[in-house]
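The values are calculated or read from the model by the stated rules, or taken from the named source; none is laboratory data. Here the structure is a predicted model, which means the values were calculated and not measured. Note: ideal-geometry Cβ built from the backbone for every residue, glycine included; neighbour counts use all protein chains shown.
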């Protein structure tokens, strides 16, 4: 199970966490939970989807804790988005886009990363996040709209 | 429109670079997983399933420990000197007190271990945190009784009881609708201090199912 799925899980977790240490921690935790709960797996979804759903849950919970801890330490207004440690002051599109993705609401960001970055289908995203594929499509559409707005000045260049 | 299309293309290309993952550190993660699993016998098949996934039996069991705890309290209370010769009774009393303390401690730690194992599983599956909180309060009361007992001299056991107290206190303070982050933090607290693995080291197998495991 580990050999078959670890690459896909790690890629997704890293994309969401943006940090090697955290990505490793969350991936490990996801597999430990999956091993513990394997006996409860009833085959209602593909094994890969089931593991990804555990990984996404672990990662989102972990990132929320990180965000809360940061907010406590430096105050809400000054808290940088998660995974934004390397942004520069004078950003090009790549950096601006990275920052804009970081700034998306959690649900939009998760769907955007899964679909547009990692290439999951809406059916897979729906099964992983426990939502309907239509919800995934709607969230992706809103995520893209927000990114377009955030990066509108690049369209005029 | 043209601008939008062009921006979408640029977004798509740029998104591929977002948090671009390095090569998967397969071996390092696998070794870490193995280490965690070796220190966490709860993943052994059957171990967790052997316990019913409800809190109520643990609340009852915790109450039973409380009774044992009260017993310790009685044993550890200083009685006025009797007329019998001190030479004959002196070595006997501390031994009795120590044995009673050990019995109660093993029973308590065994129940705490089972409770935390169930609680950890419940955090993942969405259990009844109010019942968990009530059970934690009862276990906390027993825990304090054991910590306060003059018979509790063993440093390792005291440290474990102190760490356990922190975890039980956190669970006992859970609201009826705790945020998943709170639950996760408690769960991490359990793992960070190795509380569960230490409990499992101390508690002999089957200690929770019978009295007098020592």
Quiz item: Scanning the stretch A:89-98 for residues that are without any contact (Cβ under 8 Å) to a residue 40 or more places away in the chain and surrounded by 16 or more Cβ atoms within 10 Å (Cβ to Cβ), which turns out nearest to residue A:60 (Cα to Cα)?
Solution: A:98
Practice problem: For the stretch B:167-187, enumerate the residues that are out of contact with any helix residue (DSSP H, G or I) (no Cβ under 7 Å at 6 or more places or on another chain) and at pLDDT 75 or above. | Solution: B:173
Quiz item: Counting only residues that are farther than 21 Å from residue A:10 by Cα, within 11 Å of another protein chain (Cβ to nearest Cβ) and buried (at least 16 other Cβ atoms within 10 Å of the Cβ), how many does the stretch A:105-145 have?
Solution: 2
Exercise. Select from the stretch A:14-35 the residues that are buried (at least 20 other Cβ atoms within 10 Å of the Cβ), farther than 13 Å from residue B:29 by Cα and either facing chain B (nearest Cβ under 9 Å) or touching a strand residue (DSSP E or B) at 6+ places or on another chain (Cβ under 8 Å) (or both) and list them in ascending order.
Key: A:14, A:15, A:16, A:17, A:18
Exercise. Taking residue A:44 as the residue in question, decide whether it is outside any helix (DSSP H, G or I) and modelled with pLDDT of 65 or more.
Key: yes
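Listed here are the residues, each with its yes/no results for (1) modelled with pLDDT of 75 or more; (2) within 23 Å of residue A:124 (Cβ to Cβ).
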residue: A:39; (1), (2): yes, no
residue: A:48; (1), (2): yes, yes
residue: A:59; (1), (2): yes, yes
residue: A:67; (1), (2): yes, no
residue: A:79; (1), (2): no, no
residue: A:87; (1), (2): no, no
residue: A:94; (1), (2): yes, no
residue: A:103; (1), (2): yes, no
